[in-house]
Amino acid sequence: MQIAVIEDDHRISDFLVKGLEEQGHFVLLSKSAEEFFDHFEDRRWDLIIADIMLPGLSGMDLVSTLRYRGVQTPILMLSALNSVQDKVQALDLGADDYLTKPFHFEELLSRIKALTRRGQQSVTNDEHLVKAGDLTIDREQFKVFENGEEIELSPREFKLLLYLVENRGRAVSRMQLLDAVWGIQFDNQSNVVDVYISYVRNKIEKRRKYIHTVKGVGYLFKTEA
């Protein structure tokens, strides 16, 4: 496999590069997210391993930017931070796995094998595709297509649209959307849902209307007129 490693601690990076190369992988090291973006992002990678605590842009920023740009390469995060909140944040931003330092190299290899199997399964399994009218939503690659043409959505817009589609034909409240998409259980002062609904509408409703406002309730996604 071709593996990109983004790690500024030379002891850990030497350990990773040496071990992975001994396993027969091609490994390229970047010491910052900026170096990766400037020189190596456009290459085809089978796996990206990134530390969270990087100089300049953090590993969280790296993941968020890659997913926003539509890069779906599996990403394994490394960090000395082991709180549940840190792990949840990394996974919510689009990381595929999270490994806490220090770790045994055998565990790293096990995680890599699991991510590889998951990637192979997603290629051959069409169950991750959701069709709604002229839209096709790829839940594995976080992409949306209209009649085969890709629609660019941010990660939050994608999550909002997917939740509406998965609840098609049923009105969902703003509170439900805040909870499901933003993880906010109650905030009756925020208009963030309405703002993002407008963003999504402008991108997916060029030819037909999908998202309907239900007064006093919230929003309803339906494909029929």
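The values are calculated or read from the model by the stated rules, or taken from the named source; none is laboratory data. None of the values given here were measured: they were computed from a predicted structure. Every residue, glycine as well, gets a Cβ built from its backbone with ideal geometry; the counts of neighbours run over all protein chains shown. The accessibility values were calculated without ligands, DNA or RNA, using every heavy atom of the protein model including side chains. Shrake-Rupley method; radii C 1.70, N 1.55, O 1.52, S 1.80 Å.
Observations, loosely collected:
- Surface analysis of the chain yields an accessible area of 55 Å² per residue, using protein heavy atoms and a 1.4 Å probe.
- Percent carbon-and-sulfur accessible area, the range 143-225, ignoring ligands, DNA and RNA, probe 1.4 Å: 46 percent
- Bins of 5 Å from zero: percent of alpha-carbon pairs in the range 35-169: 2, 9, 18, 20, 20, 15, 9, 5, 2, 0
- Dipole in debye (nearest 20) - the chain, about Cα centre, beta carbon charges: Lys, Arg +1; Asp, Glu -1: 1120 debye
- Size-normalised alpha-carbon gyration radius of the range 1-42, reference 2.2 N^0.38 Å: 1.11
- Whole-angstrom Cα spans of the range 54-94 along principal axes, big to small: 28, 21, 13
- Counting protein heavy atoms only, the range 1-128 has 49 percent of its accessible area on carbon and sulfur, 1.4 angstrom probe.
- Between the listed residues Pro74, Ser13, Gly56, the Cα displaced farthest toward the positive end of the dipole of the chain, a dipole computed from Cβ unit charges relative to the Cα centre, is found at Pro74.
- Rg and Dmax of the chain, Cα atoms only, in Å: 19.7, 62
- With the Kirkwood sum run over all distinct C-alpha pairs, the range 1-73 has a hydrodynamic radius of 12.3 Å.
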